[in-house]
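The values are calculated or read from the model by the stated rules, or taken from the named source; none is laboratory data. No experiment lies behind these values; they were computed from the predicted model shown. Ideal geometry is used to build each Cβ from the backbone, glycine not excepted, and the neighbour counts take in all protein chains shown.
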Amino acid sequence: MTGSQKILLTGGLALAILGMAYGFWYAVVDEHPTLERMGVSLASAFAEVAKGEMSQARESMKVYGETRFEYIREVHTHGHLVALSTLLLVLGLFFNQVAFSERIRLYLASLLVFGTAALPLGSLLEIFLTGPVPKAVALLGSVSVIGGLAAVTAGLALSAERSRWD
Amino acid sequence: MSSHASAPEFTDLLKAADPARLFIIGGMFLVIAGMIFGDLYAVFILHPNVGNIGREMGAAVAAAAAGDPDSVFSHFGAVGNFLENAGTKKDAHVHIIHAGYLAFLLAFLQPWVALGRRHKVLLAKTFLWASVVLPVAIFLIHYVGLVYSPLQSIGWASIFADLSGLVLILILAVELIGMWRHMRGNGDRDGIVLRFDGRNSRALLTGGIALVLVGFLFGAYYAGIHLQEHESRELIILADLMEQASAQESAALDQGLAAYGGLQVERAVMIAAHAHVIEFGLLALMMAIVQPYVFLSRVWRRRLVWMMLGGAVVLPVAVYSEMWYGLLAGGVADFAGLMVILALFGMLIGVLRHTGKVDAEKGETS
């Protein structure tokens, strides 16, 4: 196993564990109250319309919007962390086939692991922080993963070119 | 191009009762089961549910306009029920496939996991059992509800789903410790050298990476352009519906409900297209690794590879086209899903034949 493979495989497995642990915590602690709050606030908003209490209805709708915003990002965090970790593990298995020097492969592997951690982190931060920081973190993660994968593609194409497949 | 026979490392990896064999075959079974379930979910649950949710939502808004709050809660309760029915099935579909992916990948990590063979076999069996219990428990959440539950908001099915998820996490942690031990000089130093089956593996690798890249770019486009716009549009539509219900403007209510339904479809197909193109890309990458060990004729291996790639390209495009072509595109997507399932099933048969060949060569068959 090369150094870059070690980074991808251990990084991928560790981040997969983190993503699943977050999903476990979320399912046990937060998911049911969040779904409950979302459903009740939406139904309450229209029930209050029926009673003619429009200001109360708008308040309930605001709670629904905030809860849904939080719910979507929590699910994104879990889903993206696990899916991107799976990609790290797959790439790690054949990363030695990428036709770059091991030094460049080490950079690429680190970039991919960083992107895999940063993208869901940015999504999660949007729940707690306003302003550009969460979006910047997610964007940085997204660019790292897409750029890293594009480089891997180029490396594999070069590898095929040099007939190093067998 | 390497031939089927030129894979001694993998042959070792697939010896009888080896954890790698359990992980590979179990993982492929899980992915196939998850995909079949996904196709059934799309045909029998997803599409009828969209109509049911729209109907109940319309009834809830009409009840608000009629000044009947009890009826509003009743109809929104029905909406929640339909959403839970569809949501738990979608979650079961996603979780069984991802557990299968992880099992498949763990197979190839086994030579780098410095643990005793008996422990590794036990871990593999436990992982596969937990991978079966997790989606089954998620599926049952809607039906079991809170019956006999010791907790206020979590039922027995959720408890079993959470526990099986915890088991999977613990097993992955132990596998990671095993890899750490290997890096510190413990265990077998040979490892594995992956072999690629020439053109078939190359087609799957190229197709897989292209699909994942397209999926990422589409995801970035969705997140940058549509995610927040969809969120704010939903709140605007709902706020308008409240005002229209208060003013009892029935014609405007119908328009608002149609806009709300359209938004839900738009969001669902974009997310589904993004998710499926990446999932199929990952699957193609994994199948590239397993190609030299699919013990079938060259012609059939090639057919299965192109069937898989064809389905993997058509399904996300068809899902995305549902915005304009509705159920027709949905039918094409279901058919493309079937193509991927059949291709994967064919490859699984090839792997099973390969293990049989290995056993026969070792004289282990009865």
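Selection of segment B:86-143 for residues being buried (at least 24 other Cβ atoms within 10 Å of the Cβ) and among the basic types (Lys, Arg) yields only B:89. Could you list all residues from segment B:208-245 that are touching a residue at least 12 places away in the same chain (Cβ under 8 Å) and more than 30 Å from residue A:148 (Cβ to Cβ)? If the condition is that a residue be touching a residue at least 12 places away in the same chain (Cβ under 8 Å) and more than 30 Å from residue A:148 (Cβ to Cβ), then B:233, B:234, B:237, B:238, B:240, B:241, B:242, B:244, B:245 are the ones that fit. Residues considered: A:98, A:113, A:143. Of these, the only one that is over 10 Å from the mean Cα position of the chain (by Cα), crowded, with 16+ Cβ neighbours inside 10 Å and at pLDDT 95 or above is A:113. For beta carbons closer than 6 Å, sequence separation of 6+ or different chains, a first residue in segment A:40-63 that is without any contact (Cβ under 8 Å) to a residue 12 or more places away in the chain and a second that is among the β-branched types (Val, Ile, Thr), the qualifying pairs are A:46/B:72; A:47/B:72; A:50/B:72.
Here residue B:188 passes the criteria (1) more than 24 Å from residue B:265 (Cα to Cα); (2) assigned by TED's automatic domain parsing to the domain that holds residue B:267; (3) of a type in the set (Asp, Glu) except the one numbered (2).
Quick check, is residue B:58 within 14 Å of chain A (Cβ to nearest Cβ), at pLDDT 85 or above and not in a helix (DSSP H, G or I)? No. Considering only segment A:8-48, state which residues are within 30 Å of residue B:146 (Cα to Cα), crowded, with 21+ Cβ neighbours inside 10 Å and not aliphatic (A, V, I, L, M). Once the filter is applied, which keeps residues that are within 30 Å of residue B:146 (Cα to Cα), crowded, with 21+ Cβ neighbours inside 10 Å and not aliphatic (A, V, I, L, M), segment A:8-48 yields A:19, A:23, A:44, A:46, A:48. The listed residues are B:257, B:204, B:238, and the only one of them that is of a type in the set (A, V, I, L, M) and either under 30 Å from residue B:347 (Cα atoms) or assigned by TED's automatic domain parsing to the domain that holds residue B:93 (or both) turns out to be B:204.
Residues that are crowded, with 22+ Cβ neighbours inside 10 Å and within 11 Å of chain A (Cβ to nearest Cβ) within segment B:144-163 comprise B:155, B:158, B:161, listed in sequence order. Scoring residue B:232 on the criteria (1) more than 10 Å from chain A (Cβ to nearest Cβ); (2) closer than 30 Å to residue A:141 by Cα leaves a single failure, condition (1). Here residue A:51 meets the list (1) in contact with a Gly (Cβ under 9 Å, 6 or more places away or on another chain); (2) buried (at least 21 other Cβ atoms within 10 Å of the Cβ); (3) closer than 30 Å to residue B:75 by Cβ almost entirely, failing just condition (2).
Quick grid of which residues meet (1) surrounded by fewer than 16 Cβ atoms within 10 Å (Cβ to Cβ); (2) farther than 30 Å from residue B:61 by Cβ; (3) free of Cβ contacts under 8 Å to residues at least 40 places away in the same chain:
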residue: B:262; (1), (2), (3): yes, no, yes
residue: B:278; (1), (2), (3): no, yes, no
residue: B:284; (1), (2), (3): no, yes, no
residue: B:297; (1), (2), (3): yes, yes, yes
residue: B:318; (1), (2), (3): no, yes, yes
residue: B:322; (1), (2), (3): no, no, no
residue: B:336; (1), (2), (3): no, yes, yes
residue: B:350; (1), (2), (3): no, yes, no
residue: B:358; (1), (2), (3): no, yes, no
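Screening B:355, B:365 for residues that are at pLDDT below 95 and under 16 Å from residue B:29 (Cα atoms) leaves exactly one candidate, B:355. Are any residues in segment A:5-52 under 30 Å from residue A:103 (Cα atoms) and either within 10 Å of chain B (Cβ to nearest Cβ) or at pLDDT below 95 (or both), and if so, which ones? Hits for segment A:5-52 are A:5, A:6, A:9, A:10, A:12, A:13, A:14, A:16, A:17, A:18, A:19.
Table: residues versus (1) part of a helix (DSSP H, G or I); (2) in contact with a strand residue (DSSP E or B) (Cβ under 7 Å, 6 or more places away or on another chain); (3) at pLDDT 95 or above.
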position	(1), (2), (3)
B:80	yes, no, no
B:86	yes, no, no
B:96	yes, no, yes
B:110	yes, no, no
B:131	yes, no, yes
B:142	yes, no, no
B:146	no, no, no
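If only one of B:36, B:32, B:97, B:45 is closer than 29 Å to residue B:180 by Cβ and either away from chain A (no Cβ under 13 Å) or aliphatic (A, V, I, L, M) (or both), which one is it? Let's see the steps before the verdict.
Values: B:36 fails: closer than 29 Å to residue B:180 by Cβ; B:32 fails: closer than 29 Å to residue B:180 by Cβ; B:45 fails: closer than 29 Å to residue B:180 by Cβ.
Of the residues listed, the single one that is closer than 29 Å to residue B:180 by Cβ and either away from chain A (no Cβ under 13 Å) or aliphatic (A, V, I, L, M) (or both) is B:97.
Does residue A:86 satisfy the criteria of being touching a residue at least 24 places away in the same chain (Cβ under 8 Å), of a type outside the set (Lys, Arg), within 7 Å of another protein chain (Cβ to nearest Cβ) and crowded, with 21+ Cβ neighbours inside 10 Å? The answer is yes for residue A:86. Here is a check on your reading of the model: is residue B:66 surrounded by fewer than 18 Cβ atoms within 10 Å (Cβ to Cβ) and modelled with pLDDT of 90 or more? In short, yes. The residues of segment B:148-159 that are over 22 Å from residue B:45 (Cβ atoms) and not in a helix (DSSP H, G or I), listed by number, are B:148, B:149, B:150, B:151, B:152, B:153, B:154.
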